[in-house]
Amino acid sequence: MAAPPNLPPPDKLLEMAEQYLKELEKGPWPSHVAEMRKTGYPLHVYGVGLVARKSPWGPSAVKAKRLTGVLARIARDWVPKGGEEVHFRVFHTPGRFLPTSYLRGIIKVAREYGIGLVEVVGQTGAMVINVKSKEVGDAMIEALRQVGTDVGGSGDAIRELNTCVGPALCEFALYDTLKWFTEFRKDKKIHDAIAVPGFPYKFKIKFSGCPMDCGRANRADLGFIGTWKGAPEVDQELLRKKIEAGEADPNDLVSKCAGGAISWDAEKKELKIDGSRCKKCMYCIRKAYPAIKPGKERRVAVLVGGGSKGRYGPKLGWFVGYLKPDEVQKGIELVFKVIEPWDKEAQAKVRIGDYILMTGLYQFIEKAGIQLEDTPKLVEKLPDNVPYRVLPEEERKKYAQFAEELRRAVGI
């Protein structure tokens, strides 16, 4: 990358960089710059980037026996004094529950083999340890394994798994996300797919215990979200007590129901929820829990193709069916069913969501052999000479209902 125009001379550039860094240390709040000065991080490179308003880093490489999880970058030619950054992507614990013994082990490795800097939570889902390039080798990897973790999850491979805190801390968890995370991680095929890049692009798997989706599973290449079938359970007596105590407002629940599924009988003081219209948005449950709780028929919704980036922009995952909370092994098998057609047919650097857009959802489901509870299906197969597609019956009904509501609204 060429140097930005009108860049000052090297000495002046470094002086300005230091001024920028000092400015970020001012104020009553904690300063990331002040903390990073305690480490071996090349802060002058960061400061130069702030002055130039351009990334000071360029791609680099480091010799390592690992296939994924070790990344490197080097300061660009126009950065005075240069600099390098090498980091290991380290596997997290399920739900990111970090025992003090585990943290002490990680910190010890970071100090002995690295620059004393650890990124505990990042968008990658992995824990990141910044290391010295000369220390990259079997000794550091073995030290991490002694702590109880490993290196991996970068490049065109399955990335580090991600989950919400699940039933350990959340009363809304509808399946054991921590167990699913652990079982997926223990599976040899998944572990190998994390360690060895071999797909068209990266592939992320995430778990969320309920529709509030704290684990961001709806934005994953393959997401598992806890839900239920039918209407939420309502304890009418407990709900009346909460309303009388001012802890819940039935009119608020009715007006803000996403599907218009809630009705309130003021005379009987009874709240009803139409399960066929419930969108599982969790609003009424959050406002009136435990008087209103998720239904007993628990399921794990499976979504495919989500992602915040891609050739066709950000997208949420497509629903492809339900699993039951105890069907974790079927979930593991589903991973490679989903990957197979994408791996065979997609071009390099095409996310699975973009591949589904190119192929068509129903064709993808057929190619992947996905047969789950309530998996979407085409109503009929049209001959090749028909230049249009018939929508599934459910979608046709929605459009017909929308058209009828629009007709009434305009008085036709």
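When the label point is put 7 Å from the Cα of residue 326 along its Cα-to-beta-carbon vector, which residues of region 140-177 have a backbone N closer than 15 Å?
Backbone N within reach: 175-176.
How large is log10 of I(q)/I(0) for region 233-293 at q = 0.16 Å⁻¹ when the intensity is taken from the Debye formula with one equal scatterer per alpha-carbon?
Result of the Debye calculation: -0.41.
As a quick test, which of the pairs 269/296; 22/315; 108/206; 293/349; 65/108 have an alpha carbon distance above 32 angstrom in this structure?
Pairs exceeding the cut-off: 22/315; 293/349.
Which distance in nm do the two modelled labels at residue 20 and residue 408 give, with both placed 7 Å along the Cα-to-Cβ direction?
6.0
Enter the Cα centre distance for the pair region 81-159 and region 175-254, rounded to the nearest angstrom.
Centre-to-centre (Cα) distance: 27 Å.
Each residue of region 191-196 in turn: what ³J(HN,Hα) in whole Hz from Karplus with 6.51, -1.76, 1.60 and θ = phi - 60°, glycine and Pro shown as x?
4, 5, 6, 6, 7, 10
Find the cysteines in the chain that fail to meet the 4.7 Å Cβ criterion with every other cysteine, and list them.
By the Cβ distance rule, which asks for a partner under 4.7 Å, the isolated cysteines are 170, 210, 257, 278, 281, 284.
Using Cα pairs closer than 8 Å and at least 6 residues apart in sequence, work out the relative contact order for the chain, in percent. Could you put the intermediate results ahead of the total?
Details: 733 pairs, mean separation 42.6, N = 412.
Once normalised by length, the contact order is 10 percent.
Classify region 281-412 as rounded, prolate or oblate, taking a ≥ b ≥ c as the square roots of the eigenvalues of its Cα gyration tensor: rounded when a/c is under 1.5, otherwise prolate if a/b is larger than b/c and oblate if not. Walk me through the intermediate numbers first.
On the way: a/c = 1.75, a/b = 1.09, b/c = 1.61.
Here region 281-412 falls in the oblate category.
How large is the accessible surface per residue of the chain, computed with a 1.4 Å probe and reported in Å² as a whole number?
With the other protein chains kept in place, the chain gives 54 Å² per residue.
Using the Kirkwood radius over C-alpha pairs as Rh, can you work out the diffusion coefficient of the chain via Stokes-Einstein at 37 °C, viscosity 0.692 mPa s, in µm² per second? Each step should come with its number before you reach the end.
Numbers: Rh = 25.0 Å.
Approximately 132 µm²/s, per Stokes-Einstein.
Measure off 7 Å from each Cα along the Cα-to-Cβ vector at residue 396 and residue 29, then give the distance between these two points in nanometres to one decimal.
The answer from the label model is 5.6 nm.
For the chain, with a Gaussian network of springs between Cα atoms less than 10 Å apart, report the residue from 253, 174, 24 with the top mean-square fluctuation.
The residue that fluctuates most here is 24.
If we count GluC sites (Glu not before Pro) as exposed when they sit in a DSSP loop and have at most 13 other beta carbons within 10 Å, what is the longest stretch of the chain that avoids them all? Present the calculation step by step, with values, prior to reporting the outcome.
Working: sites that count: 25, 171, 247, 267, 297, 380.
Longest run free of exposed loop sites: 26-170.
Can you give the extra length, in nm with one decimal, that the chain gains between residue 256 and residue 358 once fully stretched, where that is 0.36 nm per residue apart less the Cα-Cα distance?
Result: 33.1 nm gained on full extension.
Calculate, in whole percent, how much of the Cα-Cα pair population of region 308-367 lies beyond 15 Å.
Values: 964 of 1770 pairs.
The share of Cα pairs beyond 15 Å in region 308-367 comes to 54 percent.
How far apart, in nm, are the 7 Å Cα→Cβ label points at residue 244 and residue 37?
6.2
For region 14-156, max minus min Cα coordinate along each principal axis, in Å, sorted largest first?
Rounded to whole Å, the extents work out to 43, 37, 27 Å.
Not counting ligands, DNA or RNA, and with a 1.4 Å probe, what is residue 36's accessible surface area in Å² rounded to the nearest 10?
Looks like 30 Å² after rounding.
With the full set of protein chains in place, find how many percent of the accessible area of the chain is carbon and sulfur; take the probe as 1.4 Å.
52
The values are calculated or read from the model by the stated rules, or taken from the named source; none is laboratory data. If you're wondering where the values come from, they're calculated on a predicted model, not measured in any experiment. Neighbour counts run over all protein chains shown; Cβ positions are idealised from the backbone, glycine included. Side chains included, ligands, DNA and RNA excluded: accessible areas come from the protein's heavy atoms. Shrake-Rupley method; radii C 1.70, N 1.55, O 1.52, S 1.80 Å.
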